[in-house]
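Following: one structure in structure tokens, then a few remarks.
Just so it is clear, none of the values below were taken in a lab; they were calculated from the coordinates. No experiment lies behind these values; they were computed from the predicted model shown. Heads up, the Cβs are rebuilt from the backbone with ideal geometry, glycines too, and the neighbour counts pull from every protein chain shown.
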Amino acid sequence: MTTPRPAVRLATFEDAGPIADLLADAFLDYEWSRWAVPADNRRERLRGLHLLYAGLVGAEAGSTWVTDDISSVAGWVKPDRTPISDDLRTRLDEESAALFGDRLEAVDALDAETALLRPAGPHWYLATVGTRPDRRREGLASLVVRAGLAACDQAGLPAAVETSNEANCRLYERLGFEAAGDRTAPDGGLRVWVLVRPAQR
């Protein structure tokens with residue numbers, strides 16, 4: 001018997017903790033995580049970053065989609081960068097710098113480089129996609145990404161995504177993204193591929 005796929009919905013503030021735990025586990029050994037996040041307490045640092053961005057900002061901005069059982073998550077950045085509360089903005093500024101530690105400057109430098117390969121005008125940016133390790137290969141990542149793409153298409157805007165694992169490019173290509181190029185971190189420690197999905201008219 002085929003297991004029915006879970007429903008997909010926008011994340012709420014109550015989901016922030018489970019989202020952070022899922023993404024911390026999913027990305028602990030990811031290339032970007034090993035390069036960008038200090039080794040000491042890496043899992044807790046990752047949890048803190050995902051709690052802030054995919055969890056709290058995503059809930060406030062309405063830009064993170066989850067399966068109903070929170071087995072898969074897709075967090076986006078909207079083109080209008082929906083304003084967030086002053087309290088959350090202060091928390092982001094203070095905590096993200098501490099969580100990245102001495103890697104913050106390198107992360108910012110690479111972000112500036114990869115941004116050059118993204119659409120120059122308004123676009124949706126897929127910041128993170130993660131699935132619980134025991135639920136991979138069930139198509140759940142595509143499910144949550146497609147929910148965000150539907151909103152993106154409704155706005156008639158392009159989308160962009162970055163990955164530091166070349167194998168992931170195939171997933172995004174199946175969802176309509178096209179290779180836009182790649183960049184290597186200034187310190188040579190990481191390569192990142194950028195893909196862009198044209199606006200769907």
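Would you work out the relative contact order for the chain, in percent, from Cα pairs under 8 angstrom that are 6 or more residues apart?
Details: 355 pairs, mean separation 45.7, N = 201.
Value for the chain: 23 percent.
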Exercise for review: Could you rank the peptides 67-80, 182-195 by their average count of other C-beta atoms within 10 Å per residue, with the highest value first?
Suggested key: 67-80, 182-195
Review point. Within the chain, which DSSP H helices have Cα atoms that stretch 27 Å or more along the helix axis and a mean Kyte-Doolittle hydropathy of at least -1.0?
Key: none
Exercise for review: Two decimals is fine: what's Rg over Rh for segment 120-201, C-alpha atoms, Kirkwood radius as Rh?
Suggested key: 0.99
Point to revise | Inter-centroid distance (Cα atoms) of segment 183-201 relative to segment 70-114, Å | key: 17
Point to revise | Cα-based Kirkwood hydrodynamic radius, segment 8-153, one decimal, Å | key: 15.6
Revision key, fill the gap. Between Trp124 and residues 5 or more places away or on another chain, the pairs with built amide H atoms under 5 Å apart involve Ala159, Ala160
Exercise for review: Filter the trypsin sites (Lys or Arg not before Pro) in segment 50-153 down to the DSSP loop ones having no more than 14 other Cβ atoms within 10 Å, then list what survives.
Suggested key: Arg81, Arg136, Arg137
**Study point:** Positive-end residue of Gly75, Asn41, Phe100, charge dipole of segment 8-153 with Cβ unit charges
**Key:** Gly75
